[in-house]
Amino acid sequence: LIRGNVDTRINKLKNKFYDAIILSYAGLKSLKIKNNISQVFSLSEIIPSAGQGAIALQCRKNDVGMVQLLKSINHNPTNICVNAERDVLKVLDGDCETPVGVSAKIKNNKLNIVTELFSLDGKKRFYLKSSKKLYLAHLAGKELGEKIKKKSKNSYKKKK
């Protein structure tokens, strides 16, 4: 397991605890330490975890003023994409240890979503993608999650 803040992880790499590590480009850029980047992966090479790159804010349900303020700054296309990505995770009963990537994008009034799931031993890869008209976006993540769950036969889950 790789634990610790970014500096700790990079130091472990420099001290040869690891052969390589994968970190967020956006994170390294914001920390102004892009000089540590040796390779940038495309979405076709590595599908990120659900919600990557999105900023989320939360507040108390009964704080009407804050709820209204947050609604006014919400970016609806991002909200649609993140909800679809999270729906895949919900169907898989996924958490931070689930070997899954999922990414949704809106293009030409359609939600395009792709997911990749691995067996726990890493030997099997399950890959699916889907495209739905935007008015059906609320179904996309659930449907794709169900399909990949069935295809994987729960090989991504630890046996209890």
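The values are calculated or read from the model by the stated rules, or taken from the named source; none is laboratory data. A quick note: this is a predicted structure, and the numbers were derived from the prediction, not measured. With ideal geometry, Cβ positions are generated from the backbone for all residues, glycine too; neighbour counts draw on all protein chains shown. For accessibility, only protein heavy atoms count, side chains too; no ligands or nucleic acids. Shrake-Rupley method; radii C 1.70, N 1.55, O 1.52, S 1.80 Å.
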(request) Pull up the cross-link candidates among the lysines for Lys61, meaning alpha carbon to alpha carbon under 19 Å and not fewer than 8 places away within one chain. (result) Lys71
(request) Output ³J(HN,Hα) for segment 126-138: one whole-Hz value per residue in order, computed from phi by the Karplus curve 6.51 cos²θ - 1.76 cosθ + 1.60 with θ = phi - 60°, and x for Gly and Pro. (result) 10, 10, 9, 9, 8, 9, 10, 4, 4, 5, 10, 4, 5
(request) Measure off, as a whole percent, the carbon and sulfur share of the 1.4 Å-probe accessible area of the chain, all protein chains present. (result) 52
(message) Quick check for you: with a 1.4 Å probe and neighbouring chains kept, what is the accessible area per residue of segment 45-116, in Å²?
(response) 67
(message) Within 10 Å, Cβ to Cβ, of Leu120, how many net charges do the neighbouring residues add up to if Lys/Arg are +1 and Asp/Glu are -1?
(response) +3
(request) Specify whether the C-alpha gyration tensor of segment 1-151 places it in the rounded, prolate or oblate class, a ≥ b ≥ c being the square roots of the eigenvalues: rounded for a/c under 1.5, otherwise prolate if a/b is larger than b/c and oblate if not. (result) oblate
(message) Over 20 Å between Cα atoms: which of Lys29/Lys129; Lys90/Lys149; Lys110/Lys153; Lys107/Lys129; Lys105/Lys151; Lys12/Lys124 fall into that group?
(response) Lys29/Lys129; Lys110/Lys153; Lys105/Lys151; Lys12/Lys124
(message) Output wanted: per-residue J couplings in Hz (rounded whole) for segment 75-88, from phi through Karplus 6.51 cos²θ - 1.76 cosθ + 1.60, θ = phi - 60°, x for Gly and Pro.
(response) 9, 4, x, 5, 4, 4, 5, 5, 4, 5, 4, 5, 5, 4
(request) Report, largest value first, the span of the C-alpha coordinates of segment 102-160 along each principal axis, in whole Å. (result) 40, 18, 13
(request) Could you run the Karplus curve 6.51 cos²θ - 1.76 cosθ + 1.60 with θ = phi - 60° over segment 40-53 and give me ³J(HN,Hα) per residue in whole Hz, x for Gly and Pro? (result) 10, 8, 8, 4, 6, 8, 9, 8, x, 5, 4, x, 4, x
(request) Using a 10 angstrom cutoff on alpha carbons, build the Gaussian network for the chain and name the most mobile of Leu144, Leu70, Leu136. (result) Leu70
(request) Give, as a single signed number, the net charge of other residues whose beta carbon lies under 12 Å from the beta carbon of Ala104, with Lys and Arg counted +1 and Asp and Glu -1. (result) +4
(message) For the chain, set up a GNM with springs between Cα atoms under 10 Å and report which of Lys132, Lys34, Lys147 has the largest fluctuation.
(response) Lys34
